[in-house]
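This report refers to the structure that appears directly beneath it.
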Amino acid sequence: MVPNSLTATKWVDKGLVKRIRGVSFSTRVSVQFENTMIHAARGILNPLLADVHIFTDHKVGAQAGMSPGYGISLVAETTFGCVISADTTVSYARGEDDADLEDDRKALIPAEEVGEQIASALLGEIKQEGVVDSTHQGLLFLLCALCLKDVSEVRVGKLSPYGIEALRHIRDFLGVKFVMKPDASTGTVNLTCLGSLWISEFIPESIMIIKNWASFGG
């Protein structure tokens, strides 16, 4: 059964990182770009944690599209179920001729530096001690605001510009205000709010449509 409402939560403990997973990806460039990024990232992460696995996703031919580029995404999983992520992409702009393309390639960050930077970025997100990374602060705040009329409490690291703007939109559109309590000892921020009692009327209807469709044999 699919619920049509969200329940309040208390999520303030991140726990310890138990493993790191990731995937590197590249299109219309040598697969060596991915190997270089992975080697550089593991060089920073493996001395801190043994359980690090980064997979490759190299596209060629029609699957690669028209834009050469490469990137890497890393995810740290904690003992309390938190998922902290960091990712980046480097793309070659398609010029009118090959000369333009070569000029763009010279200005791009080398694959080794990309791997080192994304590993350092992930460690920076972990160091902030929030239950989510800075990219997903806004989503966390929105889910808390959409809960039933009960108090939710969450902890994040330094508020990102996106997270601050999300709090403003939630206040303006849902009428939900968060109480923020900075913790100087950890550099984190505890936020509490009372849910807006949002209930979806569309999920049950969608389920009934699927059931009716299935009863007629699809």
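The values are calculated or read from the model by the stated rules, or taken from the named source; none is laboratory data. None of these values were measured; they are calculated from a predicted model. Neighbour counts run over all protein chains shown; Cβ positions are idealised from the backbone, glycine included.
Pairs needed: first member in region 45-71, surrounded by 11 or more Cβ atoms within 10 Å (Cβ to Cβ) and in a strand (DSSP E or B); second member anywhere, at pLDDT below 90 and hydroxyl-bearing (Ser, Thr, Tyr); C-beta distance under 9 Å; at least 6 residues apart or different chains.
Going by the 9 Å Cβ cut-off, the qualifying pairs are Gly69/Ser91; Gly69/Tyr92; Tyr70/Ser91; Gly71/Ser91.
So Lys14 passes all but one of these: (1) under 30 Å from Glu153 (Cα atoms); (2) assigned to a strand (DSSP E or B). Which condition number does it fail?
Evaluating Lys14 over (1) under 30 Å from Glu153 (Cα atoms); (2) assigned to a strand (DSSP E or B) leaves (2) as the failure.
Working only within region 47-84, note down all residues that are over 12 Å from Ser26 (Cβ atoms), over 15 Å from the mean Cα position of the chain (by Cα) and β-branched (Val, Ile, Thr).
Val52, Ile54, Thr79
How many residues does region 140-170 contain that are more than 15 Å from Trp198 (Cβ to Cβ) and either in a helix (DSSP H, G or I) or under 18 Å from the mean Cα position of the chain (by Cα) (or both)?
16
When you look at Gly22, is it buried (at least 18 other Cβ atoms within 10 Å of the Cβ), modelled with pLDDT of 95 or more and closer than 20 Å to Glu77 by Cα, yes or no? Write out each step before concluding.
Values: buried (at least 18 other Cβ atoms within 10 Å of the Cβ): yes; modelled with pLDDT of 95 or more: yes; closer than 20 Å to Glu77 by Cα: yes.
For Gly22, the condition - buried (at least 18 other Cβ atoms within 10 Å of the Cβ), modelled with pLDDT of 95 or more and closer than 20 Å to Glu77 by Cα - is met.
Given the criterion surrounded by 18 or more Cβ atoms within 10 Å (Cβ to Cβ), outside the structural domain of Ala86 (by TED's automatic domain parsing) and touching a residue at least 60 places away in the same chain (Cβ under 8 Å), identify the matching residue among Val189, Val154.
Within the list Val189, Val154, the selection yields Val154.
Which number in (1) in a strand (DSSP E or B); (2) modelled with pLDDT of 95 or more marks the one condition that Ile38 misses?
Checking Ile38 against (1) in a strand (DSSP E or B); (2) modelled with pLDDT of 95 or more, the one that fails is (1).
Quick one: in region 126-137, which of the residues that are in a helix (DSSP H, G or I) and over 11 Å from the mean Cα position of the chain (by Cα) is surrounded by the most Cβ atoms within 10 Å (Cβ to Cβ)? Steps first, answer last, please.
Of region 126-137, the ones in a helix (DSSP H, G or I) are 126-127, 134-137.
Right, trim to over 11 Å from the mean Cα position of the chain (by Cα) and you get 126-127.
Values: Ile126: 21, Lys127: 11.
Going through the qualifying residues, I end up with Ile126.
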